[in-house]
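Student: Once you've had a glance at the structure underneath, I'll fire off some questions.
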């Protein structure tokens, strides 16, 4: 099997740079790597979706260990996110394999998802102008009749409706499975914006969602006949592992709103580029 070294270096550097920025908002960066991978490899074959998910499996575990060490992953909260998103991802993967295989169709789908994510991130960043929060860790997570109650070391309490959370995670899982990502890029802005949770609490659990959903996605795509490109996945995964770990360390030193606006700008730029590129084909 021939190895294109310059191509592997491009994928490595892209993964490192993107994951460093996006991980600071609780996102692995795979949603931006998918269109970049498509551009570098000049294909929209579902194999790139499986390869993107392999990238997550390689790049995320080290960062999740850091979140556990800092007590930033609440078990009850995380389990709800993982179960809901995993169920939705199975459906989304099936949709990708049967209805989103065409080049134009999937490219426009990529662009639309990226622009929607950018708008979502900008909205959540705007809301944060009036709600500046400092670095927080979870000290207790409990349940009442209808809500999940999260208490932090800053004595702040956040309530999330359990049923609503399950519905959202299932829908996010469907979109993520169809796109070929783990779901953090879609789920984080929803949890931070409309649901009012700080990025420092959301980051760890959403990356855990991405890890589990990515495993399910890789297996699903392989079953459908689109196994990941292991060499490209390893190259991106190594770059992503370094970028995400560095992003995890620096996140607490940066204002939350600045993190979200930076990620939003990168997302919007990639969405516009993806749509313009396919329009010229």
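Student: So how do 147, 125, 185 line up by other beta-carbon neighbours within 10 Å, fewest first?
Tutor: Taking fewest neighbouring Cβ atoms as first place, the list is 147, 125, 185.
Student: Taking only Cα atoms, what is the 0 to 90° angle, nearest 10, from helix 103-127's long axis to the longest principal axis of the chain?
Tutor: Relative to the chain, helix 103-127 is tipped by roughly 20 degrees.
Student: Let me ask another. To the nearest 0.05, how large is the calculated FRET efficiency for residue 65 and residue 265 if R₀ is 25 Å and r is the Cβ-Cβ distance?
Tutor: E(calc), rounded to 0.05, equals 0.30.
Student: Still on this structure, I have one more. Run the numbers on the range 5-279 and let me know its relative contact order in percent, using alpha-carbon pairs under 8 Å that are six or more apart.
Tutor: Relative contact order of the range 5-279: 42 percent.
Student: Can you tell me what percent of all Cα-Cα pairs in the range 1-116 are more than 24 Å apart? Before the final figure, lay out each step's value.
Tutor: Values: 2343 of 6670 pairs.
Percent of Cα pairs beyond 24 Å in the range 1-116: 35.
Student: Now a separate question. Step by step: find N for the chain, compute 2.2 N^0.38 Å, then divide the Cα radius of gyration by it. What's the final number?
Tutor: Normalised Cα radius of gyration, the chain: 0.94.
Student: Let me ask something else about it. Arrange 187, 211, 117 by Cβ neighbour counts within 10 Å, fewest through most, would you?
Tutor: 211, 117, 187
Student: To continue, here is another question. Most exposed first by the Cβ proxy, i.e. fewest other Cβ within 10 Å, how do 230, 138, 209 rank?
Tutor: 230, 138, 209
Student: Let me ask you something else. Work out, step by step, the length gained on full extension between residue 143 and residue 91: first 0.36 nm times the residue separation, then minus their alpha carbon distance; give nm to one decimal.
Tutor: Numbers: separation 52, 0.36 × 52 = 18.72 nm, distance 2.87 nm.
This chain segment gains 15.8 nm when fully extended.
Student: Could you give the angle, 0 to 90 degrees to the nearest 10, between helix 256-279's Cα long axis and the longest principal axis of the Cα atoms of the chain?
Tutor: 20
Student: Let me ask something additional. Starting with the highest mean, order 76-84, 54-62 by the number of other Cβ atoms within 10 Å, averaged over the residues of each peptide.
Tutor: 54-62, 76-84
Student: Per residue, how big is the convex hull around the C-alpha atoms of the range 15-75? Give it to me in cubic angstrom, could you?
Tutor: 87
Where a number appears in this text, it was derived from the coordinates with a stated rule and is not lab data. Computed from a prediction, not measured in an experiment: that's the story for all the values here. In this analysis, Cβ positions are derived from the backbone assuming ideal geometry, glycine residues included, and neighbour counts consider all displayed protein chains.
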